[in-house]
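A quick write-up on the structure given underneath.
Just so it is clear, none of the values below were taken in a lab; they were calculated from the coordinates. A quick note: this is a predicted structure, and the numbers were derived from the prediction, not measured. All Cβ positions, even for glycine, are placed from backbone atoms using ideal geometry, and neighbour counts span all protein chains on display.
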Amino acid sequence: MTDDSRTTSALEPYTIDVPQDVLDDLRDRLRKTRFFDDLDNEEEYYGISTAYLKPLVEYWADGFDWRAQEKRLNTYHQHKVEVGGTPVHFVRERGKGPGAIPLIINPGWPWPGEFSYGLIGPLTDPAAHGGDPSQSFDVIIPDLPGFAWSTPVGRGDLNYWKIADILHTLMTEVLGYERYAVAGSDYGALVTSALGHKYADSIIGLHYGHDLPPGMFANERFWDLTDGARVPEDASPELRAGLENLVSTYVSHVAVHMLDGSTLAHGLNDSPVGMLAWLLRRWKKWSDKRGTFEEAFPRDFLLTQATVFWVTQSIGSSIRMYRNAVRYPWVPSHDRTPVVEPPAGFTFLLGDAYPVAVNTVEERIAAFENGHTRSSFNVVNVNAHMKGGHFVHHENPEAFAADLTETFRKLR
């Protein structure tokens, strides 16, 4: 960490208050949307359909109440500071039990901090949720720098390991914790792993929703999830279908964000409907297909997240994080093993597309225990659950909170 990265601003309360002219401009753009004739796409074979998108946009323009959502978001204790000139917005809720462990929870993409707010209650006040009051946490949930309210960043080089340096400074120098716990999923899992590798002496333990060690995207074909591999000729129908589903779920996301992030961002930053369609495709495609999408992701929740991306103009800076993981590659701070040393727990949800051909909790745990990432971690707890897809913190917060609590029960 450089001396500059240690420079912090004073810790002041923060209130979300979007200027009315920004909201008026958003509504005007929505009302002027030019939808295209999206023929033969009722089943969304070609992506988000006009038939699905248009009613949502109409509601966003003339029914959605941002001020009500803003008021709700402002019930959380928020702060916004600068660390080395980089803004960091976060929610901080104190634990109600004795000996609360400080815990920072890192969201993913496209996960504004609210995707993790369902974890706050069970972790800060376990007694109120049927748990042990001695297992409470001080919960800190940031918007990763470059995401949502942690903007504008004023720099184009941010990625997961640089964010890890910033968040370590937040936890130790701004908030004053000598040691702390970390949790994270998706891109936030990479931030968590970077913290666990470089700052192991300061970290009590880790808990993950995805098993992503530092150094991901370091392969030669960084834009290609398959790394050039083909489906084996002798693959079973189930394995073949699973691999095809995995590729169709994530390939456009990774490839475009890696190869054409700014090209895409020009359109998304100027068109709220284009931005919503891109976000919505990920939320729908990556979530648990065995349930009803609208039940897990009500339209007011979806449009709140989309509005946050829009009013903060953070779609471009957040997408940039992907290619920057390649342009500014992670370099190990030491050669000790495992590469991520602190004790680590994991929560896996079977509604995710990865890994393929896994149908039971036991198979999911075995896939991790026998997989290529297992040796990167000091594993102390692994669990899996049927409910939920890729958005672990939002789709099954009860399971994630319970597993996390069990991980740290062993570390207190």
FRET efficiency estimate (nearest 0.05) - Cβ-Cβ, Asn219 to Phe36, R0 35 angstrom: 0.45
GNM top mover of Pro343, Pro142, Pro55 - the chain, alpha-carbon springs below 10 Å: Pro55
Listed peptides 154-162, 306-314, 192-200, 215-223 by packing density, highest first (mean Cβ within 10 Å): 192-200, 306-314, 154-162, 215-223
Lysine pairs meeting the criterion (Cα under 21 Å, 8 or more apart or interchain), as found in the chain: 10
Cβ-Cβ FRET estimate between Tyr45 and Thr75, R0 fixed at 45 Å, reported to 0.05: 0.65
Relative packing of 381-393, 224-236, 320-332, which averages over residues the other C-beta atoms within 10 Å, highest first: 381-393, 320-332, 224-236
Alpha carbon convex hull of segment 4-409, projected area averaged over orientations, nm²: 19.9 nm²
Separation of the Asp24 and Gln313 label points, Cα + 7 Å toward Cβ, nm: 1.9 nm
Length released on extending from Lys54 to Ser375, taking residue separation times 0.36 nm less the Cα-Cα span: 110.9 nm
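With a/c under 1.5 counting as rounded, go ahead and sort segment 78-123 into rounded, prolate or oblate using the C-alpha gyration tensor (a ≥ b ≥ c being the square roots of the eigenvalues; past the cut-off, prolate if a/b is larger than b/c, else oblate). Intermediate results must be reported in sequence, preceding the final value.
On the way: a/c = 2.55, a/b = 1.38, b/c = 1.85.
In terms of gyration-tensor shape, oblate.
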